[in-house]
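Please read the structure below before turning to the comments.
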Amino acid sequence: QAKAGGGGRVKFFESRMGDAVRDRYELEQELRQAIEAGELRLYLQTQIGPDKTPVGAEALVRWEHPRRGLVPPASFVPVAEGCNLVGVLDRWVLTEACRLLARLDAGGRPLRISVNISPQHFQEPDFVERVAEILRQTGADGSHLVLEVTEGLVIGNVDEVVARMLRLQDLGIRFSLDDFGTGYSSLSYLKRLPIHELKIDRGFIRDVTTDANDAALVDTILAVARLMELQVVAEGVETRAQADYLDTRYPMVHQGYLYARPQEANAWFSAFRG
Ligand code: C2E
Ligand code: MG
Ligand code: MG
Ligand code: MG
């Protein structure tokens, strides 16, 4: 509440602040209930390999809100990260993705599924054990699971991060560094992390055929990948021109609207069963 006797401006500002806090609190409560009520939806976006056949998909969460409709993750993942809910959310996605993976494997389609993991979730003390438990429960093959992490991970203790990643690698799990180039981590950190793949952020791909600076940045990222023998995924490939250009630079995986939009999991699965 605004203090009595404060200036009009201050009062206005304070009440606006109060609204923002209240909105966020309401959203937190709603999200908590939504997860329990089964309102989260798993979507998948196909990834295309250098030979132009599907190599797998990225798991992307949506919230099917009874009034607001399909809510994109950018509107609620940050909220979940801010209130200790993101572990619950990520594990829901991971479990659903692993169930799907087990069904794909049983159908003789050894595709990989990539799942996004928030830094806050990765930091949880029992992170490794819980991931191992989900693999056991679902029967998914860890070697078909990729965890997408971001440079935000290395804000914590690097040795501890590396140790966890190595324990998960023992289960066959591989790591992809998402949104590469948008964070602050140094190349020396990158060298220490046992990752097998870099994802070039959509922001660099958008104008890669028209903006010399973006093209130079993409080439720099590819030089790093070549040096460190990493696979590369280009995010947000929307046009044939972008795809053709990227193909001349490096044999990479493409992901973007040019090939496929994120699709509801059952529809995606049906398309792949045949
Ligand atoms: P991200 O991991 O970088 O995912 C790629 C985003 O780019 C997705 O947005 C995808 O739908 C979008 N995209 C893919 N191809 C194209 C394209 O050609 N054009 C355009 N304009 N966009 C494209 P989405 O699904 O809205 O997800 C946004 C972000 O939310 C993700 O970015 C990821 O950081 C986060 N997120 C999604 N699912 C999860 C989850 O289960 N857990 C966590 N912790 N974060 C998640
Ligand atoms: Mg991702
Ligand atoms: Mg990404
Ligand atoms: Mg991105």
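Computed values, structure above
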| read-out | value |
| --- | --- |
| Complete set of residues in the range 141-155 that are away from ligand 1 (no atom under 16 Å from the Cβ) and touching a helix residue (DSSP H, G or I) at 6+ places or on another chain (Cβ under 8 Å) | 141, 142, 144, 154 |
| Residues satisfying the stated conditions in the range 83-119, i.e. more than 8 Å from ligand 1 (Cβ to nearest atom), among the small types (Gly, Ala, Ser) and in contact (Cβ under 8 Å) with a residue 24 or more places away in the chain | 87, 97, 102, 107, 114 |
| Of all residues making up the range 172-194, the number that are β-branched (Val, Ile, Thr) and more than 16 Å from ligand 4 (Cβ to nearest atom) | 1 |
| Residue in the range 137-151 that is part of a helix (DSSP H, G or I), under 25 Å from residue 84 (Cβ atoms) and modelled with pLDDT under 95 present | yes |
| Residue that is nearest to the chain's Cα centre (by Cα) [pool: residues in the range 241-259 that are among the aliphatic types (A, V, I, L, M) and open to solvent by 20 Å² or more (accessible area, probe 1.4 Å)] | 258 |
| Failed item in (1) buried (at least 18 other Cβ atoms within 10 Å of the Cβ); (2) in contact with a strand residue (DSSP E or B) (Cβ under 7 Å, 6 or more places away or on another chain); (3) within 28 Å of residue 267 (Cα to Cα), with residue 195 passing the rest | (3) |
| Wholly enclosed strands (runs of 3 or more DSSP E) of the range 40-123 bearing at least 2 residues modelled with pLDDT of 95 or more and crowded, with 18+ Cβ neighbours inside 10 Å | 40-48, 54-65, 112-116 |
| Members of the range 76-117 that are touching a Leu at 6+ places or on another chain (Cβ under 8 Å) and among the polar types (S, T, N, Q) | 114, 116 |
| Output for the range 154-186, where each listed residue is within 22 Å of residue 110 (Cα to Cα) and open to solvent by 10 Å² or more (accessible area, probe 1.4 Å) | 169, 170, 171, 172, 174 |
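Here is a yes/no grid of residues against (1) more than 12 Å from ligand 1 (Cβ to nearest atom); (2) open to solvent by 20 Å² or more (accessible area, probe 1.4 Å); (3) farther than 24 Å from residue 60 by Cα:
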{"residue": "188", "(1), (2), (3)": "yes, yes, yes"}
{"residue": "202", "(1), (2), (3)": "no, yes, no"}
{"residue": "205", "(1), (2), (3)": "no, no, no"}
{"residue": "208", "(1), (2), (3)": "yes, no, yes"}
{"residue": "213", "(1), (2), (3)": "yes, yes, yes"}
{"residue": "219", "(1), (2), (3)": "yes, yes, yes"}
{"residue": "231", "(1), (2), (3)": "yes, yes, no"}
{"residue": "234", "(1), (2), (3)": "no, no, no"}
{"residue": "239", "(1), (2), (3)": "no, yes, no"}
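The values are calculated or read from the model by the stated rules, or taken from the named source; none is laboratory data. Note that the structure is a prediction, hence the values are computed from the model and not measured. FYI the Cβ positions are ideal-geometry reconstructions off the backbone, even for glycines, and counts take in every protein chain you see. Quick note on the areas: whole protein, heavy atoms, side chains included, nothing else; ligands and nucleic acids left out. Shrake-Rupley method; radii C 1.70, N 1.55, O 1.52, S 1.80 Å.
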